[in-house]
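Chemist: Provided herewith is a single structure, encoded as structure tokens, for subsequent inquiry.
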Amino acid sequence: MIALRVLVVLILHVAILAGMIYTHIERLKAGRELTMTVEPVDPRDFFRGDYVTLTYAISRLTPKENETLEDWQRGDDVFVTLSQSEEGAWIADHLSRELLKNGDAPVIKGRVSWVQRNWTTATEAWAGEFEPNFARPLEVKPDRLCPGGCVEHIAVTYGIESYFVPQGEGRKIEELRNDGKVSIVIAVGDDGAAAIKALLIDGKRVYEETFL
């Protein structure tokens with residue numbers, strides 16, 4: 001009986017793993033291809049072992065005019081509708097908590113990893129009946145402390161922040177990245193999930209994911 005239970009658990013684990021691999025392969029095959037411009041990264045953190053650390057314009061989102069990011073918390077899922085800048089880079093156009101399609105605009109799913117707040121404070125004088133005056137934090141709404149809200153930006157991860165490269169290639173890629181020669185091709189599924197499909201140097205595919 002115990003052996004049977006172990007076998008069932010093993011089969012379930014294999015089935016789950018196979019399902020994950022199948023989903024990843026299908027996303028690479030059928031997902032919409034987007035070429036992402038790689039943003040500068042601290043050189044000390046860019047290369048870790050055989051993995052290249054990657055950031056993008058959509059990794060750090062700031063509030064637009066007449067918008068606020070106050071409702072976003074660390075761990076929240078976020079769907080980011082993308083548009084292309086004049087330079088051709090994919091940038092964030094709209095944020096939502098649900099997958100919203102707007103014509104042919106691609107939507108990528110991420111997760112809030114950090115919320116950067118502006119801790120500007122205000123004080124007021126307070127005096128008790130028999131107490132001297134002193135300053136204390138002023139408890140007011142955020143919009144009275146920080147124009148436009150207290151959240152300066154949110155950091156978002158999309159599962160495309162690292163890429164495995166052959167041993168010994170990391171430093172060379174780091175130098176090319178510093179020269180603005182590295183970009184990444186991602187595949188985005190209908191559900192917004194993304195996966196890295198290829199690494200480009202000077203617009204040419206140098207490393208590419210295989211389906212096996």
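Chemist: Contact list please: Cβ distance under 7 Å, first residue in segment 48-74 and within 26 Å of Gly180 (Cα to Cα) and of a type in the set (S, T, N, Q), second residue surrounded by fewer than 20 Cβ atoms within 10 Å (Cβ to Cβ) and at pLDDT below 80, pairs at least six apart or on different chains.
Modeler: Thr53/Val41; Thr53/Asp45; Thr55/Glu39; Thr55/Val41; Ser59/Glu39
Chemist: Any residue that is over 21 Å from Ile196 (Cα atoms), at pLDDT 90 or above and among the hydroxyl-bearing types (Ser, Thr, Tyr) - is there at least one of those in segment 87-103?
Modeler: Within segment 87-103 (the criterion being over 21 Å from Ile196 (Cα atoms), at pLDDT 90 or above and among the hydroxyl-bearing types (Ser, Thr, Tyr)), the answer is yes, since at least one residue qualifies.
Chemist: Among the residues of segment 85-103, which ones are outside any loop (DSSP other than H, G, I, E, B) and of a type in the set (Gly, Ala, Ser)?
Modeler: Listed by number, the residues that qualify are Ala92, Ser96.
Chemist: Still on this structure: Return the total of residues in segment 64-84 being crowded, with 17+ Cβ neighbours inside 10 Å and outside any strand (DSSP E or B).
Modeler: 2
Chemist: Still on this structure, please answer the following. When both residues are 6+ apart or on different chains and their Cβ atoms are under 8 Å apart, which pairs have a first residue that lies in segment 101-114 and is under 14 Å from Ile186 (Cα atoms), and a second that is assigned to a strand (DSSP E or B) and small (Gly, Ala, Ser)?
Modeler: Listed pairs, sorted by first residue: Ile108/Ala194; Lys109/Ala194.
Chemist: Continuing with the same structure: Answer with yes or no whether Gly192 is at pLDDT 85 or above, closer than 25 Å to Val80 by Cβ and surrounded by fewer than 10 Cβ atoms within 10 Å (Cβ to Cβ).
Modeler: no
Chemist: Mind listing just one residue for me: the one in segment 104-137 that is among the polar types (S, T, N, Q) and under 22 Å from Gly159 (Cα atoms) and, of those, modelled with the lowest pLDDT?
Modeler: Here is the first cut: in segment 104-137, the ones among the polar types (S, T, N, Q) are 113, 116, 118, 120-121, 123, 133.
From what is left, the residues that are under 22 Å from Gly159 (Cα atoms) are 113, 116.
Values: Ser113: 95, Gln116: 86.
Across segment 104-137, the extreme among qualifying residues is Gln116.
Chemist: Being modelled with pLDDT of 80 or more, under 21 Å from Arg60 (Cα atoms) and not in a strand (DSSP E or B), is that true of even one residue in segment 138-159?
Modeler: yes
The values are calculated or read from the model by the stated rules, or taken from the named source; none is laboratory data. Not measured: the values here are computed from a predicted model. Every residue, glycine as well, gets a Cβ built from its backbone with ideal geometry; the counts of neighbours run over all protein chains shown.
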